[in-house]
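Below is one structure, written out as structure tokens; comments come after it.
The values are calculated or read from the model by the stated rules, or taken from the named source; none is laboratory data. None of the values given here were measured: they were computed from a predicted structure. FYI the Cβ positions are ideal-geometry reconstructions off the backbone, even for glycines, and counts take in every protein chain you see. These area figures cover heavy atoms from the full protein model, side chains too; ligands, DNA and RNA do not enter into them. Shrake-Rupley method; radii C 1.70, N 1.55, O 1.52, S 1.80 Å.
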Amino acid sequence: MKDSWSPASWKKRPIAQQVRYPDADALRDALERLIQLPPLVSSWEVETLKQQLAEAAQGKRFLLQGGDCSETFDDCRSSVIANKLKILLKMSLVLVYGSKKKVITVGRLAGQYAKPRSTETETRDGVTLPSYRGDLINYSGFTPEQRQPNPQLLLRGYERASLTLNFIRALIDGGFADFHHPELWDLDFVNHSAHSDVYRRMMTAIGDSVSFMETMAGVPIYGFRQCEFFTSHEGLHLDYEQAKTRQVPRRTGWYNLTTHFPWIGDRTRALDGAHVEYFRGIANPIGVKIGPTATAENVLALADVLNPGNEPGRLTFIHRFGAGKIERHLPALIEAVMRSGKTVLWCCDPMHGNTITANNSLKTRDFDDILSELESAFAIHQKMGSILGGVHFELTGENVTECIGGARGLSEADLQKAYESNVDPRLNYEQALEMSLLIARNMSR
Ligand code: PEP
Ligand code: CO
């Protein structure tokens, strides 16, 4: 099977979530132009991340992965990007403190533009149209024109991914000082929490540690140039992924150079399906979302196909069961993987199994459910002698009201105030930071 892989061999497999373009010539033209554009990332960055993920699987580093459920083209703006970077870097600093490990910071950004959907169509007031599948594919507006897949959006998406990543690289290279000093963070919400004393002690300790290091080194902490940042997105739209898959000089193998760390979604991980076929042939570190329908046999078979050489850092299982289901589902998978001797990095996504519909019919998630799934994940891995090496969040640096709970006690009635997501609800700035404080507290115990 391995010999017959090519960047296009997925086309011979059954494909879930496929996009049907009305004009095949227009799709071909767009893809031909996409192929000509330079890559967004380099193979050495990809290999560096793989090495770091291998260390995370051994418990020597910790992975923080987060960002929007789906980026939108409208949100390709400096403030939104900078705020997302800031919250991720702040959370990673908190997690360094809690875990006493280096944290690998990976954004769900610069290409997270395509969405899997539970239904092909959406009906409003008796009108049925194709579902919105993310800005890479169609528009969210509810008209037949806007819901028609448009191949030009593949190019617009790639350009926006490039703009996003370019800005992030510039901020990080320039020393992006904003996140180093907790005393400058917006921490008002801390006062509203029952844990405010704990939070304050942690923030003071982090601030003191940063000052201590700066004094010792004699330079501001951004002068260390230690800050690395990687990108990830769901590799859902295989025409897009294939177009940027190439071989590079002096290395063997094929690299997906749209992103460092693509993942396979829970809906597209069929063993004989197109997505697994495409992913098995690329050299990047890859993730697979693992939901409640996955069996121990499924995950072992996925590990066989996706990582036959058992290469460290190559494969991350991102489990996402839901707070009420994790105890039932996770232990058997951990046990099977441990018994097989396979090397994987385990990461917990406490978002996608905890989506509920509020009374006002908005999709939401409860802060307490998210935390509960995370706490269970840490406890189960620890009890079984396994390692939870990372966490995966849907979050934004903005002050949205999409998830309920957290220190300010956002209620269902608050959701309307600033509900911006077209897809899944995200933790806002304060909820995301608070979540990292709670995880850090758990890890430091
Ligand atoms: C997602 O990460 O946005 C997503 C759709 O997740 P999953 O594949 O786990 O459902
Ligand atoms: Co999502």
Would you mind listing the strands (runs of 3 or more DSSP E) fully within the range 64-180 where at least 2 residues are under 29 Å from residue 348 (Cβ atoms)?
102-108
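If a residue has to be open to solvent by 10 Å² or more (accessible area, probe 1.4 Å) and either within 16 Å of ligand 1 (Cβ to nearest atom) or farther than 18 Å from residue 50 by Cβ (or both) to count, how many in the range 93-111 make the cut?
Summing the residues that are open to solvent by 10 Å² or more (accessible area, probe 1.4 Å) and either within 16 Å of ligand 1 (Cβ to nearest atom) or farther than 18 Å from residue 50 by Cβ (or both) in the range 93-111 gives 5.
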State all residues of the range 321-371 that are closer than 17 Å to residue 289 by Cβ, open to solvent by less than 40 Å² (accessible area, probe 1.4 Å) and either at pLDDT below 95 or in a strand (DSSP E or B) (or both); if no residue qualifies, say none.
345, 346, 347, 348, 365
Considering only the range 372-382, state which residues are more than 16 Å from ligand 2 (Cβ to nearest atom) and either open to solvent by less than 30 Å² (accessible area, probe 1.4 Å) or in a strand (DSSP E or B) (or both).
374, 376, 377, 380, 381
Looking only at the range 235-279, count every residue that is in a helix (DSSP H, G or I), in contact with a Pro (Cβ under 8 Å, 6 or more places away or on another chain), away from ligand 2 (no atom under 16 Å from the Cβ) and open to solvent by 10 Å² or more (accessible area, probe 1.4 Å) and tell me the total.
1
Those residues of the range 112-163 which are among the aliphatic types (A, V, I, L, M), more than 21 Å from residue 261 (Cα to Cα) and surrounded by fewer than 20 Cβ atoms within 10 Å (Cβ to Cβ) amount to 127, 129
Just to be sure I understand the filter: pairs with C-beta atoms under 7 Å, separated by 6 or more residues or on different chains, first member in the range 379-396 and more than 13 Å from residue 326 (Cβ to Cβ), second member of a type in the set (Asp, Glu) and open to solvent by 10 Å² or more (accessible area, probe 1.4 Å). Which pairs pass?
394/424
Look through the range 411-445, keep the residues that are small (Gly, Ala, Ser) and in contact with a helix residue (DSSP H, G or I) (Cβ under 7 Å, 6 or more places away or on another chain), and return whichever of them is farthest from residue 363 (Cα to Cα).
444
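Please tell me if residue 71 is modelled with pLDDT of 95 or more, within 26 Å of residue 153 (Cβ to Cβ), acidic (Asp, Glu) and within 16 Å of ligand 2 (Cβ to nearest atom).
So residue 71 fits the description; yes.
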Does residue 27 fit the bill of being at pLDDT 95 or above and either buried (at least 23 other Cβ atoms within 10 Å of the Cβ) or in contact with a Cys (Cβ under 6 Å, 6 or more places away or on another chain) (or both)?
no
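I'd like to know if the range 198-208 contains one or more residues that are under 19 Å from residue 12 (Cα atoms) and surrounded by 17 or more Cβ atoms within 10 Å (Cβ to Cβ). Even if it seems obvious, please write down each step before you answer.
So in the range 198-208, the residues under 19 Å from residue 12 (Cα atoms) come out as none.
Taking every residue of the range 198-208 in turn, none turns out to be under 19 Å from residue 12 (Cα atoms) and surrounded by 17 or more Cβ atoms within 10 Å (Cβ to Cβ).
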Pairs returned, first residue in the range 407-426 that is under 19 Å from residue 350 (Cα atoms) and away from ligand 1 (no atom under 16 Å from the Cβ), second residue that is open to solvent by 30 Å² or more (accessible area, probe 1.4 Å) and of a type in the set (D, E, K, R), beta-carbon separation under 8 angstrom, 6 or more apart or interchain, are 407/430
Given the criteria more than 16 Å from ligand 2 (Cβ to nearest atom), within 22 Å of the chain's Cα centre (by Cα) and open to solvent by 10 Å² or more (accessible area, probe 1.4 Å), does residue 312 qualify?
yes
For the range 327-367, which positions are touching a residue at least 24 places away in the same chain (Cβ under 8 Å), more than 16 Å from ligand 2 (Cβ to nearest atom), farther than 27 Å from residue 57 by Cα and not hydrophobic (A, V, I, L, M, F, W, C)?
359, 360
Which one of these does residue 178 not meet: (1) touching a Lys or Arg at 6+ places or on another chain (Cβ under 7 Å); (2) farther than 21 Å from residue 263 by Cα; (3) surrounded by 22 or more Cβ atoms within 10 Å (Cβ to Cβ)?
(3)
Among the residues listed as 306, 257, 300, the single one being among the aliphatic types (A, V, I, L, M), touching a residue at least 60 places away in the same chain (Cβ under 8 Å) and more than 13 Å from ligand 1 (Cβ to nearest atom):
257
Taking the range 394-434 and keeping only residues that are surrounded by 21 or more Cβ atoms within 10 Å (Cβ to Cβ) and either on the phi > 0 side of the Ramachandran plot or away from ligand 2 (no atom under 16 Å from the Cβ) (or both), one is left with 397, 401, 404, 406, 407, 410, 415, 429, 430, 433, 434
Regarding the range 126-139, can at least one residue be identified that is away from ligand 2 (no atom under 16 Å from the Cβ) and acidic (Asp, Glu)?
no
Just for the range 28-60: of the residues that are among the small types (Gly, Ala, Ser) and in a helix (DSSP H, G or I), which one is nearest to residue 157 (Cα to Cα)?
30
Is it true that some residue in the range 200-211 is part of a helix (DSSP H, G or I) and either of a type in the set (Phe, Trp, Tyr) or closer than 20 Å to residue 84 by Cβ (or both)?
no
Do we have residue 205 as in contact (Cβ under 8 Å) with a residue 60 or more places away in the chain, closer than 20 Å to residue 442 by Cα and not β-branched (Val, Ile, Thr) here?
yes
